Amino acid sequence: MPGTAFSVQKDNDGLKWLITAETQDDSLCLPCDIDGIRKDALASCKHLQKILIPCNIMFIEEDAFAGFDKNLYIHCEAASEPETWFREEICLDSFSEDYEMYFEMEVRSWFGKYHYTCDSNDRITYHSPFLPKIILKSTEFESNK
């Protein structure tokens with residue numbers, strides 16, 4: 001793709017990682033010959049509105065897509081999110097109110113960070129900035145629920 005440059009590096013296990021991508025285009029197709037995406041690899045792609053993640057990419061580090069907002073569409077060829085794509089859930093606080101137990105949660109993931117509150121009946125309220133829209137194969141879901 002003209003105007004696009006990728007920096008790729010092999011690790012000790014022979015996996016090829018995208019270290020940086022640079023483009024002024026508003027869409028980007030990641031190379032099919034990489035295994036993973038490092039943190040901040042897309043930080044310099046400020047104009048992106050669409051990105052395609054090939055199904056062979058098995059690893060995505062925390063904050064690989066951080067800094068993007070709801071205007072970024074992430075198209076994933078994978079039918080479901082692989083467990084090796086970074087996601088960590090942390091309970092920040094718990095409290096009781098009106099005889100109901102609540103949990104303040106933070107999720108750190110490959111596409112950014114968001115917060116939510118969950119009650120003991122598993123009802124969830126999201127408290128997040130607008131995050132990118134993510135499309136897995138043909139099923140669309142929004143990460144900014």
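Results, tabulated for the structure shown:
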read-out: Answer from ALA21, ALA41 - the residue that is closer than 24 Å to ALA5 by Cβ, among the small types (Gly, Ala, Ser), at pLDDT 90 or above and not in a strand (DSSP E or B); value: ALA41
read-out: Cβ pairs under 8 Å, 6+ apart, first in region 33-46 and on the phi > 0 side of the Ramachandran plot and surrounded by fewer than 21 Cβ atoms within 10 Å (Cβ to Cβ), second outside any strand (DSSP E or B) and of a type in the set (Lys, Arg); value: none
read-out: Where LEU136 falls short, out of the listed (1) at pLDDT 75 or above; (2) closer than 30 Å to ILE51 by Cβ; (3) of a type outside the set (S, T, N, Q); value: (1)
read-out: Positions within region 20-41 being charged (D, E, K, R) and either under 16 Å from the mean Cα position of the chain (by Cα) or within 17 Å of HIS75 (Cβ to Cβ) (or both), in sequence order; value: ASP25, ASP26, ASP35, ARG38, LYS39, ASP40
read-out: Residue within region 61-77 that is hydrophobic (A, V, I, L, M, F, W, C), touching a Cys at 6+ places or on another chain (Cβ under 6 Å), closer than 23 Å to ILE19 by Cα and surrounded by 15 or more Cβ atoms within 10 Å (Cβ to Cβ) present; value: no
read-out: Top-ranked residue of region 44-60 - restricted to ones that are of a type in the set (S, T, N, Q) and in contact with a strand residue (DSSP E or B) (Cβ under 7 Å, 6 or more places away or on another chain), ranked as nearest to THR23 (Cα to Cα); value: SER44
read-out: Flag for PHE95 being in a strand (DSSP E or B) and either free of Cβ contacts under 8 Å to residues at least 12 places away in the same chain or β-branched (Val, Ile, Thr) (or both); value: yes
read-out: Filter result for ARG38 (in contact with a Lys or Arg (Cβ under 8 Å, 6 or more places away or on another chain) and among the basic types (Lys, Arg)); value: no
read-out: In region 50-83, residue modelled with the lowest pLDDT [restricted to those that are under 10 Å from the mean Cα position of the chain (by Cα) and part of a strand (DSSP E or B)]; value: ILE74
read-out: Selection count where residues are in a strand (DSSP E or B), modelled with pLDDT under 85 and surrounded by 15 or more Cβ atoms within 10 Å (Cβ to Cβ), scope region 116-133; value: 1
read-out: Output for region 42-92, where each listed residue is within 10 Å of PHE111 (Cα to Cα) and among the aromatic types (Phe, Trp, Tyr); value: PHE65, PHE68, TRP85, PHE86
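The values are calculated or read from the model by the stated rules, or taken from the named source; none is laboratory data. Because the structure is a prediction, the values reported are computed rather than measured. With ideal geometry, Cβ positions are generated from the backbone for all residues, glycine too; neighbour counts draw on all protein chains shown.
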